[in-house]
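Take a look at the structure below.
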Amino acid sequence: MSKVSLTTPVYEEIRAHSEQTYPHECCGALLGVQSAEGWAIRASIRAGNTRTDSAHNRYQISPIELLKIERTARAEGLGIAGFYHSHPDHPALWSLTDLEEAHWLGCVYIITAVEHGHAAATSSFRLAGASEEEKHFEPDPIVIV
């Protein structure tokens with residue numbers, strides 16, 4: 001089983017962002033480096049949630065913003081390690097919609113549950129599988145460093 005290493009400032013930033021956007025879902029990208037042990041997240045970048053139809057339970061990052069995030073990662077010598085989002089008043093577990101809309105195989109998806117405006121549990125899942133048809137989430141423990 002691989003793990004996800006986060007620095008305390010990155011972990012706190014993700015959780016703060018989750019609280020600030022409540023009752024809507026927040027979203028952002030995770031930048032880091034991958035090793036045999038898993039992803040070491042070095043930075044997070046906030047993204048705008050472009051879902052106007054159901055921002056309280058869905059998120060989407062615009063392609064243009066994603067390109068900017070990729071350029072930032074490259075400039076810092078990092079890769080896109082994955083994405084984060086919040087689940088307002090729902091558990092920090094992936095949903096079928098999360099799985100259907102996840103396409104970055106090998107990357108991590110961090111979810112923070114926000115209960116009545118306060119960050120609660122934060123969980124991480126790696127999108128595993130060899131293809132879009134075989135993709136599935138596997139839990140990755142979060143290690144704060």
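Okay, here's what the table says:
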| quantity | calculated |
| --- | --- |
| Any hit, the stretch 38-45, residues being open to solvent by 30 Å² or more (accessible area, probe 1.4 Å), at pLDDT 95 or above and either in a loop (DSSP other than H, G, I, E, B) or at positive phi (or both) | no |
| Any hit, the stretch 6-19, residues being under 15 Å from residue 117 (Cα atoms), open to solvent by less than 60 Å² (accessible area, probe 1.4 Å) and part of a loop (DSSP other than H, G, I, E, B) | no |
| Pairs with Cβ under 7 Å, 6+ apart, first in the stretch 111-122 and within 16 Å of residue 13 (Cβ to Cβ), second of a type in the set (Phe, Trp, Tyr) and surrounded by 14 or more Cβ atoms within 10 Å (Cβ to Cβ) | 111/94; 114/22 |
| Single residue of the stretch 88-111 satisfying the filter (in a loop (DSSP other than H, G, I, E, B) and open to solvent by less than 30 Å² (accessible area, probe 1.4 Å)) that is nearest to residue 60 (Cα to Cα) | 102 |
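Conditions (1) out of contact with any helix residue (DSSP H, G or I) (no Cβ under 6 Å at 6 or more places or on another chain); (2) in contact (Cβ under 8 Å) with a residue 60 or more places away in the chain; (3) open to solvent by less than 10 Å² (accessible area, probe 1.4 Å); (4) under 19 Å from residue 143 (Cβ atoms), marked per residue:
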| site | (1), (2), (3), (4) |
| --- | --- |
| 2 | yes, yes, no, yes |
| 33 | yes, no, no, yes |
| 59 | yes, no, no, no |
| 74 | yes, no, no, no |
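The values are calculated or read from the model by the stated rules, or taken from the named source; none is laboratory data. Quick caveat: nothing in here was measured; it's all calculated off a predicted structure. No Cβ is skipped: glycine too gets one built from the backbone with ideal geometry, and neighbour counts run over all protein chains shown. Calculation scope for accessible area: heavy atoms of the full protein, side chains included, ligands and nucleic acids excluded. Shrake-Rupley method; radii C 1.70, N 1.55, O 1.52, S 1.80 Å.
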